[in-house]
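For reference, the structure is listed below as structure tokens.
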Amino acid sequence: MRSLLFLSLVSASFALQLPFKVPFFQSTVPPEDDEPVRGTPKIAIIGAGAAGSSAAFWISKAQERFGVDVEVDVYEKTSRVGGRSLTVYPHGNDSFEPVELGASIFVKANKNLWRAAQEFNLTLRDLSKEDNDLGIWDGEQLLLNLGNHWWDTLKVLWRYGVMPPRRADKLVADMLKQYSTLYTADSPKWDNITDLAHSFGWMNLIESSGAEFFTSNGVSKQYVFELIEAASRVNYGQNIDSIHALEAACSIAANGASQIEGGNWQIFERFLNHSGANVFKDTKVTRITQKESKSRPWVVHSDKGPTGYKAVILAAPFHQTDIELPSALASQIPEQPYVHLHVTLLTTTSPNLNREYLALSPNEKVPSMLLTTYDGVRQGRKAPEFNSISYHGKINEDEWVVKIFSEAPVEDKWLQSLFNDQVRWVHRAEFDAYPKLPPTSSFPPVKLDHGLFYVNAFEPFISTMETETLASRNVVDLLLNEEFSSSICGPRISGSTKDAAAPDSDFVFGWDC
């Protein structure tokens, strides 16, 4: 989930959203020619969210370019595609514009999603042009109250000084410079995420908390524990001293944010439509087993029965799927805790929050976006009752849509008090929204065994819709190279493509070759 955070606070156009081979685990069952190859080789993809749908799309690119002969089956246990990207109609009325509940925004430098919007003729809604007065709340007092005027910039400079924003800007820009190589013709391939972090010089980013990293690099504690923490709490539901610095840096990368009119899930639906894959919705996978077969060594057991495959891509958080794997494979994937988020969507005829709740005078403007810091708790004060509250425009002349993220359910009585007894409609949802991301240098393997790949190994490293499409592109390249002596952009993965023609600024590796 993403929110527009610091469009007026940070100067750089942040945008988030990796070269080597290492020994793989060998199959516990050596393949044998125990049966003849019958028909087209098949690949199974488990999950139809950002990772699974884009994996099917990347395979189709190799089919189009190089005639890779393969059939793809996508299994999705729910009735829809898009994973954590989903929408709701206010009042349950489809005459209103749907509102994002889950993965909400992406930016122009999220090149896979942006390119998909263009290629699939989807309409982008530019959220950066929408006015949002920003407040930062610590549970008891409003620390910052900003509008869109020049004097609001002075407020930031007065409170934090000139250097903390600039230093934070530079640290994130340095990280993004490395990240941007993912879209070039020389985009690296990886099968070990720790090695990837090493190659990018990012070990300090993943082994330090956001608080440790930014403060040790000269960013003031006040700026870190107020502004950057407000970003990490709204975007990942985690405090700045508990989330690793790489993801903390990603959390302030929301400049120029957009979303797809009607819902971001449409990108993932288009990925699947374009791929030509067989999509089995409402089909739960229960087990993945191995057998002694060179042509179909993997068996996916689902509601539709067992089916043999040449390779399998697991494109969902393993411990949330309840899929049974052979113990030697399952043991390679450590338990990954997730932030359990409560989302409250409501409509109200109150144009703003109750100013008495925020202790504002009649002359002070009430912010339309309220973010939070946990620093008041560190100083012995009350904890915020929510992570964020944001107004999202009108559905008619006198009714606004509001979204609240919180760690626990919010009561109706509290809602009515907060919105001046003018709440008209409420929709509640809760789900495991994002992985908990403490400092670490250990990640699940991308390749679990010969022909079995795990896209979501990338999620404890960076967790966004965009990076799921990048992780799936990498997995598809590894799989095609191993099983078909091919890849998305060539007959085989090569160590370098430096002899290729220099791409223009619109070049996006995978879409372009």
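The values are calculated or read from the model by the stated rules, or taken from the named source; none is laboratory data. Predicted model, so just to flag it, every value in this text is computed and none were measured. Side chains are part of the model used for accessible areas, which takes the heavy atoms of the whole protein and leaves out ligands, DNA and RNA. Shrake-Rupley method; radii C 1.70, N 1.55, O 1.52, S 1.80 Å.
Just a few scattered comments:
- The DSSP beta bridges internal to the chain are antiparallel in roughly 70% of cases.
- Along region 275-284 the Karplus relation, 6.51 cos²θ - 1.76 cosθ + 1.60 evaluated at θ = phi - 60°, assigns HN-Hα couplings of 5, x, 5, 7, 10, 10, 7, 6, 10, 8 Hz to successive residues, with x for each Gly and Pro.
- Counting heavy atoms of the protein chains alone, Cys489 has an accessible area of about 40 Å² for a 1.4 Å probe.
- Here, region 372-510 yields an orientationally averaged convex hull projection of 15.2 nm² when only Cα atoms define the hull.
- Heavy-atom surface of the chain, accessible at 1.4 Å and reported per residue (Å²): 41 Å²
- Mean residue ellipticity (222 nm) of the chain, computed from DSSP H runs ≥ 4 via -39,500 (n - 2.57), nearest 500: -7500 deg cm²/dmol
- Accessible surface of the chain [probe 1.4 Å, protein heavy atoms]: carbon and sulfur percent: 49 percent
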